[in-house]
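I have placed the structure first, in the form of structure tokens, so that the comments after it can refer back to it.
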Amino acid sequence: MPAAVNIPGRGGPPPAENGTGMEDLLRTVSNSYNQSTSPSATFHSPPAIGSFTTKFKPSTRDLKPFQTTDIKVLLLENVNTSGQNILKQQGYQVEAHKGSLPEDELIEKIRDVQVIGIRSKTKLTSSILKHAKNLIVIGCFCIGTNQVDLQYAADSGICVFNSPFSNSRSVAELMIGEIISLARQLGDRSNEMHQGVWNKVSAGCWEVRGKTLGIVGYGHIGNQLSVMAEAMGMSVLYYDVVNLMGMGTAKQVGSLEELLSRADFVTLHVPALPETKNLISEKELGQMKNGAYLLNASRGSVVDISALIKAMKSGKIAGAALDVYPNEPAGNGQFFNSELNQWGDELRSLKNIILTPHIGGSTEEAQSAIGVEVADSLVNYVNFGTTTGAVNMPEIALRSLTVDEPNHVRVIYVHKNVPGVLRKVNEILGDHNVDKQMTDSRGDVAYLMADISNVNTSEIKLLYQSFEDLGSRIRTRVLY
Ligand SMILES: NC(=O)c1ccc[n+]([C@@H]2O[C@H](COP(=O)([O-])OP(=O)(O)OC[C@H]3O[C@@H](n4cnc5c(N)ncnc54)[C@H](O)[C@@H]3O)[C@@H](O)[C@H]2O)c1
Ligand SMILES: O=C(O)CC[C@@H](O)C(=O)O
């Protein structure tokens, strides 16, 4: 058993190897590089109200991957200040932008950072991520994660987090507003009044009470919508690829066709997947009731817009509300035209169609909650290696180290999920006292976390290097 030593930054004397590169290694997050460190760097839990990172027990020991001021975070697309503040309170260097960045600028900036936070506009494809040599984690400050190449990220040891439900209620409430607005042609009446036209009509305007709502994709948003729609006196049917219990008296139907043929209003709440591309196209629009309404707040790939334009022009579909589009501009401005999407002008000329700029989740409540939730996940990953809630890696969490365990280190080894790895890992760890260890795999990638006690500083370099030398290695991190 190695002798216990004082770990820098924990109240013990500074190490003898000061400035020799040893400390650098101790605080290294690496797949191919080393970070500079400071043994005197201190870690402060953020005081943000409601933040998970404030809820650790006082005896919990804060782990440091390396000097916290060295953590560079790039936040794009106006991530809420609630999230920005949590990250800044960690001492991370936060660069926040209101919009997304052009590709060349994004590539330049992503080279340098360990953490990036985005929303739905920034596409983190493999051709962008291959430049992100220092990146360890991506935070999607939204629900959808289709804008990130999740597999490439996992294969590169980059963990991805999102916020699975913090804006669901906001989307569902928008749907309720739009269902009534379409039934009463509110958009058209309002536009006419803005142009000085008084057009008092009742033809083609309806109450929603007693009508049937068909929800496609009965997840977080679909559930919330279901409850509110029933409260307005609507009957709710839903279609989902999974068997799910209905809220209230909502009933699941066995096929999309059945839902389309029975619903007066159809709302779409499925993720962007190859299977959901053009889920609603000419055939499906034809299966809908005459004079029905279509609402899409999921992703632009889910509806074939040219087919929808045709169905609306023929009167088959009496109204539509679209919040998402195949091509969406990177920022605000006069961009919603035929250059962006070839049918842009034709769509805008239709009657009783509500067009919104991807604002389903854009409320103060949702953005503030998402900011806290995702920033907490990022901090817990950077500082503790916890992957709970990750969308592309196995979910691993170990009990926190306490102040009574000052000389423990936490080893995190992201590796290819191939036979024989654990034998080699145990050969390395076999020389140490492993307090706890957890490992899990997700597809081709596995994640191992081990807390090792009584670690001598001089051993950490060897420990780290031993993992780095394994053929299965994707990324090694040593936290202490
Ligand atoms: N407009 C916005 O601002 C906004 C905001 C939040 C989410 N979204 C989008 O809405 C989507 C849904 O959000 P959620 O939180 O309800 O997601 P969720 O994961 O909770 O629910 C999605 C449901 O769709 C089902 N599903 C998947 N494939 C399907 C298919 N082919 N046919 C039928 N059902 C299918 C799933 O089984 C699941 O129950 C998100 O993926 C996101 O893209 C948009
Ligand atoms: O805020 C955004 O940009 C995305 C909102 C929504 O589409 C989501 O996926 O949560």
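Give the value in nm², to one decimal: projected area of the alpha carbon convex hull of region 415-480, averaged over all directions. Intermediate values should be presented prior to the final figure.
Values: hull surface 16.9 nm².
Mean shadow area of the hull around the Cα atoms is 4.2 nm².
Can you find, among Asn433, Val94, Val266, the residue sitting farthest towards the positive end of the charge dipole of the chain, where Lys and Arg contribute +1 and Asp and Glu -1 at Cβ?
The Cα lying farthest towards the positive end belongs to Val266.
Starting from the Cα gyration tensor of region 285-332, multiply each eigenvalue by 5, take the square root, and state the resulting semi-axes largest first in whole Å.
Numbers: eigenvalues 99, 19, 17 Å².
Semi-axis lengths for region 285-332 are 22, 10, 9 Å.
7 Å from Cα along Cα→Cβ at both Asn243 and Val403: what's the point-to-point distance in nm?
Each label point lies 7 Å from its Cα, and together they span 5.3 nm.
What does the convex hull of the alpha-carbon atoms of region 82-194 project to on average, in nm²? Before the final figure, lay out the partial values.
Values: hull surface 39.2 nm².
Its Cα hull, projected and averaged over all orientations, spans 9.8 nm².
Quick one: which residues, 5 or more positions from Gly319 or on another chain, have an amide H under 5 Å from its amide H? H modelled 1.01 Å from N in the peptide plane, none for Pro or chain starts.
Result for Gly319 returns Leu294.
Please compute the alpha carbon radius of gyration of region 277-434, then divide it by the globular-protein estimate 2.2 N^0.38 Å. Two decimals is fine. Display every interim value, and only then the final one.
Details: Rg = 25.3 Å, N = 158, 2.2 N^0.38 = 15.1 Å.
With N residues counted in region 277-434, Rg over 2.2 N^0.38 Å equals 1.68.
Rounded to the nearest 20 debye, what is the charge dipole size of the chain about its Cα centre when +1 sits on each Lys and Arg Cβ and -1 on each Asp and Glu Cβ?
Details: 44 positive and 49 negative charges, 111 e Å.
Taking the Cα centre of the chain as origin, the dipole is about 540 debye.
In whole Hz, with x marking every Gly and Pro, tabulate ³J(HN,Hα) for region 190-202 from phi via Karplus 6.51 cos²θ - 1.76 cosθ + 1.60, θ = phi - 60°.
Once θ is set to phi - 60°, the couplings for region 190-202 become 5, 4, 4, 4, 4, 9, x, 9, 8, 9, 7, 10, 10 Hz.
Treat each spin label as a single point 7 Å out from the Cα along the C-beta direction, and report the Ser59 to Asn332 distance in nm.
5.0
How large is the translational diffusion coefficient of region 199-305 in µm² per second when you combine the Kirkwood radius over alpha carbon pairs with Stokes-Einstein at 25 °C and 0.890 mPa s? Walk me through the intermediate numbers first.
Details: Rh = 14.1 Å.
D, rounded to a whole number, is 174 µm²/s.
Taking one equal scatterer on every alpha-carbon of the chain, how large is log10 of I(q)/I(0) by Debye at q = 0.08 1/Å?
So the normalised log intensities are -0.57.
Mind giving me the nanometre distance, one decimal, between the label points for His131 and Lys98, set 7 Å out from Cα along Cα→Cβ?
The two pseudo-label positions are separated by 2.4 nm.
Over region 109-169, with the other protein chains present, what is the accessible area per residue in square angstrom, probe 1.4 angstrom? Intermediate results must be reported in sequence, preceding the final value.
On the way: 1910 Å² over 61 residues.
Here the residues of region 109-169 average 31 Å² of exposed surface.
Give the relative contact order (percent, whole number) for the chain; include only Cα pairs under 8 Å separated by 6+ residues. Could you put the intermediate results ahead of the total?
Values: 1008 pairs, mean separation 90.9, N = 480.
The value is 19 percent.
What is the helix-to-structure angle for 364-384, meaning the angle in degrees between its Cα long axis and the longest Cα principal axis of the chain, kept from 0 to 90 and rounded to the nearest 10?
The angle comes out near 20 degrees.
Using θ = phi - 60° and the Karplus relation 6.51 cos²θ - 1.76 cosθ + 1.60, list the HN-Hα couplings for region 411-416 in order, rounded to whole Hz, with x at every Gly or Pro.
Per-residue couplings from phi come out as 9, 10, 10, 8, 9, 5 Hz.
Subtract the Cα-Cα distance of Arg209 and Met438 from 0.36 nm times their separation in residues, and report this length gain in nm to one decimal. Intermediate values should be presented prior to the final figure.
On the way: separation 229, 0.36 × 229 = 82.44 nm, distance 5.32 nm.
Length difference between fully extended and current span is 77.1 nm.
Farthest toward the dipole's positive end in region 304-390, which of Phe335, Ala320, Gly371, given Cβ charges of +1 (Lys, Arg) and -1 (Asp, Glu) about the Cα centre?
Ala320
Per the Kirkwood treatment, what hydrodynamic radius in Å, one decimal, follows for region 191-257 from the mean inverse distance over all distinct Cα pairs? Intermediate results must be reported in sequence, preceding the final value.
Values: mean 1/r = 0.0727 Å⁻¹.
Here the Kirkwood hydrodynamic radius works out to 13.8 Å.
If each residue of separation counts as 0.36 nm, what is the full-extension length gain between Gln151 and Thr363 once their alpha-carbon separation is subtracted?
Working: separation 212, 0.36 × 212 = 76.32 nm, distance 3.06 nm.
Gain in length upon complete extension: 73.3 nm.
Straight-line reach from Lys424: which lysines have Cα under 21 Å away, leaving out those fewer than 8 places along the same chain?
By straight Cα distance, Lys424 reaches Lys416, Lys436, Lys461.
Give, in whole angstrom and from largest to smallest, the semi-axes √(5λ) of the equivalent ellipsoid of region 254-304, with λ running over the eigenvalues of the Cα gyration tensor.
Values: eigenvalues 62, 24, 20 Å².
So the three semi-axes of region 254-304 are 18, 11, 10 Å.
Over the C-alpha atoms of region 309-350, what are the Rg and the largest Cα-to-Cα span, Dmax, in Å?
11.5, 34
Quickly estimate the mean residue ellipticity at 222 nm for the chain, helices only: each DSSP H run with n ≥ 4 gives -39500 (n - 2.57), and the total goes over all residues, rounded to 500.
Working: 15 runs with 138 residues, N = 480.
Per the formula, -8000 deg cm²/dmol.
Considering amide H positions built from the backbone, and no H for Pro or chain starts, which residues 5 or more places from Lys289, or on another chain, come under 5 Å of its amide H?
Result for Lys289 returns Ala263.
Over all Cα pairs of region 116-255, how is the pair count split among 5 Å bins, expressed in % and running from 0 up to the last occupied bin?
In whole percents, the pair-distance histogram is 2, 9, 14, 13, 12, 11, 12, 10, 8, 5, 3, 1, 0.
Report the antiparallel proportion of the DSSP beta bridges in the chain as a percent, rounded to a multiple of 5.
Numbers: 27 of 66 bridges.
Bridges in the chain are about 40 percent antiparallel.
With point charges of +1 on the Cβ of Lys and Arg and -1 on the Cβ of Asp and Glu, referenced to the Cα centre of the chain, which listed residue (Gln465, Ala153, Leu279) lies farthest in the positive direction of the dipole?
My answer, from the dipole projection, is Leu279.
Per residue of region 338-353, what does 6.51 cos²θ - 1.76 cosθ + 1.60 with θ = phi - 60° give for ³J(HN,Hα)? Whole Hz please, x for Gly and Pro, Karplus curve as stated.
Working through the residues one at a time gives 6, 6, 6, 9, 4, 8, x, 5, 4, 4, 5, 7, 6, 8, 6, 10 Hz.
Would you mind computing the Rg to Rh ratio of region 245-362 from its alpha-carbon coordinates, Kirkwood style for Rh?
Working: Rg = 14.5 Å, Rh = 15.0 Å.
On the Cα set of region 245-362, Rg over Rh gives 0.97.
The values are calculated or read from the model by the stated rules, or taken from the named source; none is laboratory data. Remember, it's a predicted structure, so these values are computed and weren't measured experimentally. Note that each Cβ is placed from the backbone with ideal geometry, even for glycine, and that neighbours are counted across all protein chains shown. To get the accessible areas, we keep the full protein, side chains included, count just its heavy atoms, and leave off ligands, DNA and RNA. Shrake-Rupley method; radii C 1.70, N 1.55, O 1.52, S 1.80 Å.
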